[in-house]
Amino acid sequence: MKRLTVSICCLAICFGACIKRESLKKPLEKLNVVEVAEVEKKAQDLYMEGKYADTVSNLKTLIAENPKNPKYWGELGSAYAQLDQFTYSEFAFKRAIELDPKNVKAMYNLSVVYSEHGNDDEALKAVQKGLKVSPKNPLLQASLGNIMIDKNKLDSAQTIYERIVKAKPDFGEAHYNLGVINLKKNNLEEAAKNYQAALAIKPDDLEAKENLAAVYIMRQDYANATTALLEVIKANPASDVTLENAYYNLGIVYMKTDNYEGALEVFEKAINIEPWDMAAYVNAAIMAEQLGQYDKAEKYWKKYDRLLPVNKRKAQIKEKLEKFEEAKTGKSLRETATPEQPSAK
């Protein structure tokens, strides 16, 4: 599922002559209009630069000056959310709503923070409150759709997202999450269309491309799956999860097309990125066995067994390890393990 993100409201800036920050150190003096504008712009610039702790500091200066300004509280909630300080973020968004009961932006952001906490019930309350004010707000509708997916109410989520894409066809996240829903329902043709629509809007959406590749694998369209996954890997995504998933699923493609050497290589790359990927260890062990590389197979089975002491393959692993010495002498070892399957987000 494509998680929604906390958004920041643009501050209304009244530009004037610049002042030095030192002038704001006078605690007993009121800031004048120019000084307020300077701090507002500074807070916004810091947020856009990703300097969230400094953003908080400047917003606290503004709130001390005007504690009943809902925009400042909303901005503070966004900054705290980016710092993963969700308790403070929730408080700030709630305060923004108290000061402005029609502040749907704060209601949306509060729902996202609650969702990140795994508190779907409170997230739902925040969304429903916002929808009473703005029933057709696409962000609130999308947040509601995400909550329904989290609650595994896929039909309700699908209805919501179909309504969103009809009203706002360029909302890429809605197409993406429709793909998630249809993939969960095993509606592969529809899921492919959803991810293709998301990519038409945002061609560099690597998660959409990766999930489209997973659909191709399930449809046994290995050529298109390979192309998509190699594009993801070439893009060298910043997210280790995205890159590891691409290597893992490329391993599935190579395994399905009997390219065992290629499969083992990319499963090992997946393991190097994510040493806790149990499925990658299983598939790497199986590929090593197919290639007669029993030392590697033994290493990966043992690693899997240590990481997951209670597992469904326990007896199978024990039997395999007992046979490895015989297999190393040259006797063929017949493969009996079942590979793990491709994954999608």
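Read-outs: derived from the displayed coordinates by stated rules, not from any lab. As the structure is a prediction and not an experimental result, all values here were calculated from the model. Counting neighbours? That spans all protein chains shown, and the Cβs are built from the backbone with ideal geometry, glycine included.
With Cα atoms defining each centre, segment 113-141 and segment 33-57 are spaced 27 Å apart in the structure.
Each Lys and Arg Cβ is given +1 and each Asp and Glu Cβ -1; about its Cα centre, the chain then shows a dipole of about 880 debye. Between Lys30, Lys136, Lys71, the GNM of the chain built on Cα springs shorter than 10 angstrom shows Lys30 fluctuating the most. Which shape class applies to segment 136-270: rounded if a/c is under 1.5, otherwise prolate when a/b exceeds b/c and oblate if not, where a ≥ b ≥ c are the square roots of the Cα gyration tensor eigenvalues? Since a/c reaches 1.5 and a/b is larger than b/c, the shape of segment 136-270 is classed as prolate. Among Val133, Val33, Val266, the residue with the largest mean-square fluctuation in a Gaussian network model of the chain, with springs joining Cα atoms closer than 10 Å, is Val33.
Radius of gyration over Kirkwood radius for segment 213-345, both on Cα atoms: the Rg/Rh ratio is 0.99.
Could you name the aspartates and glutamates whose alpha carbon sits less than 17 Å from that of Lys269, not counting residues in the same chain fewer than 8 places away? List returned: Glu210, Glu231, Asp240, Glu244, Glu261, Asp277, Glu340.
For Lys125, list the lysines whose Cα falls under 22 Å from its own Cα; do not include residues on the same chain fewer than 8 positions away. Straight-distance partners of Lys125: Lys2, Lys71, Lys94, Lys102, Lys105, Lys136, Lys151, Lys153.
Comparing mean-square fluctuations of Val34, Val104, Val113 from a GNM of the chain with C-alpha springs under 10 Å, the top value falls on Val34. Charge tally for Lys94 (other residues, Cβ to Cβ under 13 Å; Lys, Arg +1; Asp, Glu -1): -1. Across the chain, Cα-Cα distances exceeding 24 Å account for 66% of all pairs. The residues packed around Asp120, meaning those with a beta-carbon under 9 Å from its beta-carbon, carry a net charge of -2 if Lys and Arg are +1 and Asp and Glu are -1.
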